[in-house]
Structure formats: C-alpha cells, structure tokens
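So the structure is just underneath, and the comments pick up after that.
Every number here is computed from the coordinates shown, using simple stated rules; none is lab data. Since we're looking at a predicted model, the values are computed, not measured. Methodologically, a virtual Cβ is constructed for each residue, glycine included, from the backbone with ideal geometry; neighbour enumeration extends over all protein chains shown.
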Amino acid sequence: MYIVWHDFTDNLVPLSGSDVDIYLKQKSIGEQWSEPKLISSDSTGVSYAPNIVCNNENDIHISWTDNTDILGADVDEDIFYKSFDYSTQVWSEIEVVSSQSVSTSTYSTIVLDDFNNLHIVWHDYSDYSYAGLDGDIFYRRKDLLENTWITTNVVCSEENTGISQYPDIALDKTGYIYTIWQDTSNLYDAGGDYDIFFRKFVGPPQIPILSSFTTNPTQVGNISIDWNNAIGT
C-alpha cells in the first residue's frame, strides 16, 4: 500500500528544505510503514494536492500541483508528474503536464488503463482552445510505452460558462473514459449553484486482432463466437 501527501514540515527528510513538499510512504502486509520519501525533490515552491496510482507491477505514478518555475512552467501553479519503475528501482525526472497552460492549473486526478496509457484531468483557468478564462477541466494522456504525451484537450464544452473544478476520472474495461466535476454553469436548468457534471469519452475502436482457425471444422451445427473478452464490443 502506498500513500502520498503534502507537508509543511521544515526539513522532514534531508534536502526537503522549508518549502511545502510531496512525500510518499509504503507498507507491505505484516510490515511497518517505511520512512517518508521526498517526491518533489526538484521543487522550490509550494507542492500540494498529490494523486497516486499503481499498476500490477508496482510501478508508481504521482501527479501534484506546484508553483515552481521549472522546465518553463513559470511561477503560476502547474501540474507536475513523476513515476517510479519498480523493476529498475528508479524514479523518473519531473515532467510538467500542464505545459500548454498559461494560468493556474490545479487538483489533478490520474488513472491507468490496460493498454499502457496514463490519463489525467485537472482544472485550469487558461484560455486554451477557446475554453475562456472561467475554470475548465483539461485532459491529457501519456503513452507509457512511447513515453510521449498527447496534446491537451478541454473536457468542458463551450456551453460551460461557469467555474468547472475538482474533477475525477475513471475507466471501464473497454477503455471508455468517464469524467465528473463540480460546476456552476447554468446548463439543463441546473441554476448557478454548484452541481455535479458528467461526460463520457468513447475513443476510436481498437485495431482488430485476427486469429486463424480450422476451416470447415464441422459439417453440421453452429460455430460460436465469444465476445466477452473482445475489447470495445
């Protein structure tokens, strides 16, 4: 089990300094908690609101909000990301996820699918892709095999004119993406108060995988096809 948090404690571990940092602890069955591990080691600003996800190989992926001016992020709040490869026991370098943002980016949530992709959503005040200056929900995906990020997408439609914030994201076994968030937009008679909005993304179908089978296996009867394990059916 892993847990991450942000902490105001000065010099909680060596080299952590007096800024607010992200820490990780782990615990195995029957064992004690580990010592805290400093995650935001390259950060000199305020690091907070971390989110964590792990796969079956115990690889760790962490995102958080940070106002450190690193990798061209400037001093506004951005979404930072770091990962741990369990097989090599090596942490990656920090990456700036919200690199196309020019304003406040905060409160990220991440999830992994079964096709080696990491999905992340956060709320952002940048006027990106005609999103406007109201808070909107942004989305990005990382191909973990190719180690590349796709272009940022705006989850909220142009009809969302209120503040959209605090998103969460989930996937089903077919890879469809579900996002919910808090919103003040007056859509569908929701009024101007805070409501919970939802959107689903259905991506392109997976490339079919063809398998050979014996021709004319029987003279009579029916041939059955089991779709239960077929992706996207």
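Observations, loosely collected:
- Farthest toward the positive end of the dipole of the chain, out of Leu118, Ser41, Gln100, is the Cα of Leu118, where the dipole comes from beta carbon charges about the Cα centre.
- Global form of the chain, assessed from the alpha-carbon gyration tensor, a/c cut-off 1.5: oblate
- Placing a pseudo-label 7 Å from each Cα along the Cα-to-Cβ vector at Leu12 and Lys25 gives an inter-label distance of 0.9 nm.
- Between the alpha-carbon centres of segment 91-126 and segment 50-83 there is a gap of 7 Å.
- Cα gyration tensor category, rounded, prolate or oblate, for segment 87-145 with a/c compared to 1.5: prolate
- Distance between the pseudo-spin-label points of Asp42 and Val90 (7 Å out from Cα toward the beta carbon): 1.5 nm.
- Total lysine pairs under 24 Å (Cα atoms) in the chain, excluding pairs fewer than 8 apart on one chain: 9
- Once each of the trypsin sites (Lys or Arg not before Pro) sitting in a DSSP loop with at most 13 other beta-carbon atoms within 10 Å is removed, the chain keeps 28-172 as its longest stretch.
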